[in-house]
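Written out below as structure tokens is the structure these notes cover.
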Amino acid sequence: MIFIKSKREIELMRKTCALARDALLFVGEYVTPGVTTEKLNQLCHDYITERGAIPSPLNYHGFPKSICTSLNEVICHGIPSEKHIVRDGDILNIDVTTCLDGFHGDTNMTFIVGEVAPEVRKLVEVTYECLKEGIHQVRPGARIGNIGAVILKLASENNYSVVEEYCGHGIGRAFHEEPQVLHYGKRNTGVVLKEGMTFTIEPMINMGEKHCELQKDKWTVLTSDRSLSAQFEHTILVTGDGYEVLTLRPGEVI
Ligand code: MF3
Ligand code: CO
Ligand code: CO
């Protein structure tokens, strides 16, 4: 069941998505060498709750924290911890999801900490381009497979791999709802997009192989070959003639 959001529901999606975006930008200011991922979690938790919302990850299927913090070879779902200190040369993905007035907004970005090697910067830049190219495929009447097809093409051209086990998702009253948004696949396959659908696109791109491994904590997903992994995520609305990026940042052009 894919929900088509009403005008009123879209207005609520805009609000929660703006909050998720603002929370991500707020916490991003604290991403500097020496900060722990637990500190980032606390800052973001307070930012969200002080604005009358709930951090969606907290207690979601037992997830113990309010944001996901995924460092270097961690693909996604990293658990904030006092033990994880951010260091110069790291890449850190912070994934923020808010629930405001019953609707979820979901966005993430990979931060570069201090100075990183040129090949690491390139991984992060290409991953962001993968998200943008995926978003450019969104319009009513297009098939959802077009999104994954362009992401896979761009990643492959750069000798990177696309994670297959985790995908984008419909979002609204539920954190994760239909449809699934694969980051690989074929053009002109899958669900036909319709005005009023809301979903995320959130490609996870690895410098090495695509395979993942789940850590003993049952949450942290890392690359099997321990190569670096980057990710960017936006929540998207299908409009009458294309898309609206509900989590768009000020000055960001997509
Ligand atoms: N925010 C993640 C996503 O983009 C999901 C995190 S689930 C959690 O879908 F439980 F790990 F928080
Ligand atoms: Co998501
Ligand atoms: Co997310």
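Once the principal axes of the Cα atoms of segment 2-77 are found, what is the range along each, listed largest first in whole angstroms?
Principal-axis extents of segment 2-77 (Cα, largest first): 45, 24, 20 Å.
With no solvent and one equal point scatterer per Cα, compute the Debye intensity ratio I(q)/I(0) for segment 120-193 at 0.12, 0.18, 0.19 Å⁻¹ and report its log10, rounded to two decimals.
Here log10 of I(q) over I(0) equals -0.32, -0.70, -0.77.
Beta carbons within 10 angstrom, averaged per residue: use that to sort the peptides 10-18, 24-32, 50-58, 96-104, highest first.
96-104, 10-18, 50-58, 24-32
Average the reciprocal distances over every distinct pair of alpha-carbons in segment 48-156, invert the result, and give the Kirkwood radius in Å.
Evaluated on segment 48-156, it is 16.0 Å.
With a cut-off of 8 Å between alpha carbons and a minimum separation of six or more residues, what is the relative contact order of segment 7-245 in percent? Don't jump to the answer; show the numbers that get you there.
Values: 605 pairs, mean separation 49.2, N = 239.
Over segment 7-245, the number comes to 21 percent.
Kirkwood hydrodynamic radius, the chain, all distinct C-alpha pairs: what's the number in Å?
18.0 Å
Does segment 98-161 come out rounded, prolate or oblate, given a ≥ b ≥ c as the square roots of the eigenvalues of its C-alpha gyration tensor, rounded meaning a/c under 1.5 and, failing that, prolate meaning a/b above b/c?
Oblate.
Give the accessible area for His136 in Å² (nearest 10); use a 1.4 Å probe, count only protein heavy atoms, and leave out ligands, DNA and RNA.
100 Å²
For segment 153-241, what ratio Rg/Rh do Cα atoms give with a Kirkwood hydrodynamic radius?
Taking Rg over the Kirkwood Rh, I get 1.01.
Pairs Lys5/Lys39; Lys83/Lys122; Lys132/Lys210; Lys5/Lys210: which are spaced more than 32 Å apart, C-alpha to C-alpha? Mind dumping the intermediate values first?
On the way: Lys5/Lys39 36 Å; Lys83/Lys122 28 Å; Lys132/Lys210 21 Å; Lys5/Lys210 34 Å.
Pairs exceeding the cut-off: Lys5/Lys39; Lys5/Lys210.
Distance from the Cα centre of segment 1-38 to that of segment 204-254, in angstrom?
Between the Cα centres of segment 1-38 and segment 204-254 lies a distance of 14 Å.
Could you tell me the center-to-center distance, by alpha carbons, between segment 92-123 and segment 136-150 in angstrom?
Taking the Cα centre of segment 136-150 as reference, the centre of segment 92-123 is 23 Å away.
Counting helices only, and only those DSSP H runs with n ≥ 4, report the 222 nm mean residue ellipticity of the chain as the sum of -39,500 (n - 2.57) divided by its residues, in deg cm²/dmol to the nearest 500.
-9000 deg cm²/dmol, from helical runs alone.
The values are calculated or read from the model by the stated rules, or taken from the named source; none is laboratory data. Since the model is a prediction, treat every value here as computed from it, not as a measurement. Every residue, glycine among them, receives a Cβ derived from its backbone with ideal geometry; neighbour counts consider all protein chains shown. Calculation scope for accessible area: heavy atoms of the full protein, side chains included, ligands and nucleic acids excluded. Shrake-Rupley method; radii C 1.70, N 1.55, O 1.52, S 1.80 Å.
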